[in-house]
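Some notes on the structure that comes next.
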Protein chains: 2
Amino acid sequence: MVSGVTKDWSLHPQLAQDTVPVGDMPLARVLLARDANYPWLILVPRLPGLVELIDLEENAQVQLLGEIAAAARALKTATKCDKLNIAALGNQVPQLHVHVIARRRTDAAWPQPVWGVKPPLAYEEGQQTSLLNSLHQLLKRSGLAGMDR
Amino acid sequence: MVSGVTKDWSLHPQLAQDTVPVGDMPLARVLLARDANYPWLILVPRLPGLVELIDLEENAQVQLLGEIAAAARALKTATKCDKLNIAALGNQVPQLHVHVIARRRTDAAWPQPVWGVKPPLAYEEGQQTSLLNSLHQLLKRSGLAGMDR
């Protein structure tokens, strides 16, 4: 278990604005980007003051990796995507966050990375609720404790 | 130790063409991109048939994470960069590879991701040799066995 989770932590307002919550894994909050161009999760470790992946202690890095892998498997199962893109960039929003994006050879940006290519496309409400529910169930079943929401 | 390393493995020709080798860590080959716009490492696990991070078994994922963290620390020390970008995309070259890129607020693509923004800029020979030597020494000192070249 990683100590200090949620203590003095709050989600960066830009990430809050651009996403809807899927649930909390033991370390990271899992968010779904409000962009129907690509099913797109963002994982944010709930520890204050993190900018770089290497700011995390080693056991927390390993925990985050397990949660990234669980999120990637859930997203792949839910979307039957062609490729996963996983990235920690943080050039614009400094709070450490990890993108896990489902890509299709037919999507709006393929084969380029998604950032900056298309303006976000709103989900239809039913589509977003259905994807959120699928992802929440898959992550719960991944064996990672938690997934509170 | 991850079993099967180097067995039946070869580097994708596109990655070979776009980079120069820094050395081998226990799991990954470390490459320096031939692009002086941004000091840019690429880590390629030396196991055949990998496309996604989640294709690796769990212990190999953790080993790769340790090597990514070591590469990131070495790159940050060698370049005194403002930000690290870490990403596994693979939309164009299918062989699993992880980008570890040193970003500066004054670089050619900031704050955008680097992909597709600028054509690669050749290093001056002395500059490239000096960076390669620094990175090799720092990775050797990281305590990860190996770093053969």
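Across the identical copies, the 7 Å label point of residue B:137, projected outward along Cα→Cβ, sits 5.8 nm from its counterparts, in ascending order.
Can you compute the helix-only [θ] at 222 nm over chain B? Use -39500 (n - 2.57) per DSSP H run of at least 4 residues, normalise by all residues, nearest 500 deg cm²/dmol.
On the way: 3 runs with 45 residues, N = 149.
Computed ellipticity for chain B at 222 nm equals -10000 deg cm²/dmol.
In region A:52-149, which GluC sites (Glu not before Pro) are in a loop and have at most 15 other Cβ atoms within 10 Å, using DSSP for the loop call? Could you put the intermediate results ahead of the total?
Numbers: sites: A:52, A:57, A:58, A:67, A:124, A:125; in loops: A:52, A:57, A:124.
Filter output for region A:52-149: A:57, A:124.
Let me spell out the model: positive unit charges on the Cβ of Lys and Arg, negative unit charges on the Cβ of Asp and Glu, origin at the Cα centre of chain A. What dipole size does that give, in debye rounded to 20? That gives chain A a dipole magnitude of about 560 debye. Model label points for residue B:7 and residue B:34, set 7 angstrom from Cα along the Cα-to-Cβ axis, are 3.3 nm apart.
Residues whose amide H falls under 5 Å from that of residue B:25, counting only those 5 or more places apart or on a different chain, are B:30, B:147, with hydrogens built in the peptide plane.
Can you give the FRET efficiency to the nearest 0.05 for residue B:104 and residue A:108, using r as the Cβ-Cβ distance and R₀ = 22 Å? Let's see the in-between values first.
Details: r = 29 Å, r/R0 = 1.34.
Taking R0 as 22 Å, the efficiency between residue B:104 and residue A:108 is 0.15.
Here region B:44-58 and region A:98-147 have alpha carbon centers that stand 22 Å from each other. The smallest convex shape that holds all Cα atoms of region B:75-149, its convex hull, gives 131 Å³ per residue. With 27 Å as the limit, the listed pairs B:80/B:118; A:7/A:140; A:80/B:76; A:76/B:76; A:7/B:83; A:7/B:80 have A:80/B:76; A:76/B:76; A:7/B:80 beyond it between alpha carbons.
Measuring from each Cβ of chain A to the axis that turns chain A onto chain B, the shortest distance belongs to A:87, 2 (residue, then whole Å). Using C-alpha pairs under 8 Å with a sequence gap of at least 6, the mean separation divided by the residue count of region A:13-141 gives a relative contact order of 27 percent. Relative to the longest principal axis of the Cα atoms of chain A, the long axis of helix A:125-141 lies at roughly 40 degrees. Give the shape of region B:1-46 as rounded, prolate or oblate, defined through the alpha-carbon gyration tensor: a ≥ b ≥ c are the square roots of its eigenvalues, a/c under 1.5 means rounded, and otherwise the shape is prolate if a/b is larger than b/c and oblate if not. Oblate shape, in that a/c is at least 1.5 and b/c is the bigger or equal ratio.
Taking the C-alpha atoms only, the angle from helix A:58-79 to the longest principal axis of chain A is near 20 degrees. Shortest first, residue A:125 label-point distances to identical copies amount to 6.8 nm, with the label point at 7 Å from Cα along Cα→Cβ.
Under the combined filter of DSSP loop state and at most 11 neighbouring Cβ atoms within 10 Å, region A:1-105 retains these trypsin sites (Lys or Arg not before Pro): A:7, A:80, A:105. Distances between copies at residue B:55, taken between label points 7 Å from Cα along the C-beta direction, are 3.3 nm in increasing order.
Buried area at the B:A interface is about 2600 square angstrom, summed over both chains, from accessible surfaces computed with a 1.4 angstrom probe.
Quick one: with all protein chains in place, what share of the accessible area of the protein assembly as shown is carbon or sulfur, to the nearest percent (1.4 Å probe)? Provide the component values of the computation, followed by the final result.
On the way: 6780 of 13760 Å².
The value for the protein assembly as shown is 49 percent carbon and sulfur by accessible area.
Applying 0.36 nm per residue to the separation of residue B:117 and residue B:129 and subtracting their alpha-carbon distance, the gain on full extension is 1.8 nm.
A dipole drawn for region A:13-141 from +1 and -1 charges on Cβ atoms has a positive end, and of A:40, A:21, A:65 the residue lying farthest that way is A:40. In region A:68-96, burial by the other protein chains removes 20 Å² or more of accessible area from A:69, A:73, A:76, A:83, A:84, A:85, A:86, A:88, A:89, A:91, A:92, compared with the chain on its own (1.4 Å probe, ligands and nucleic acids ignored). In plain terms, the C-alpha convex hull of chain B casts an average shadow of 8.4 nm² when viewed from every direction.
The values are calculated or read from the model by the stated rules, or taken from the named source; none is laboratory data. What you see is a predicted model, and the numbers here were worked out from it, not measured in a lab. Here the Cβ is made from the backbone with ideal geometry for all residues, glycine too, and neighbour counts use every protein chain on show. Protein only, heavy atoms only, side chains kept; ligands, DNA and RNA dropped before computing areas. Shrake-Rupley method; radii C 1.70, N 1.55, O 1.52, S 1.80 Å.
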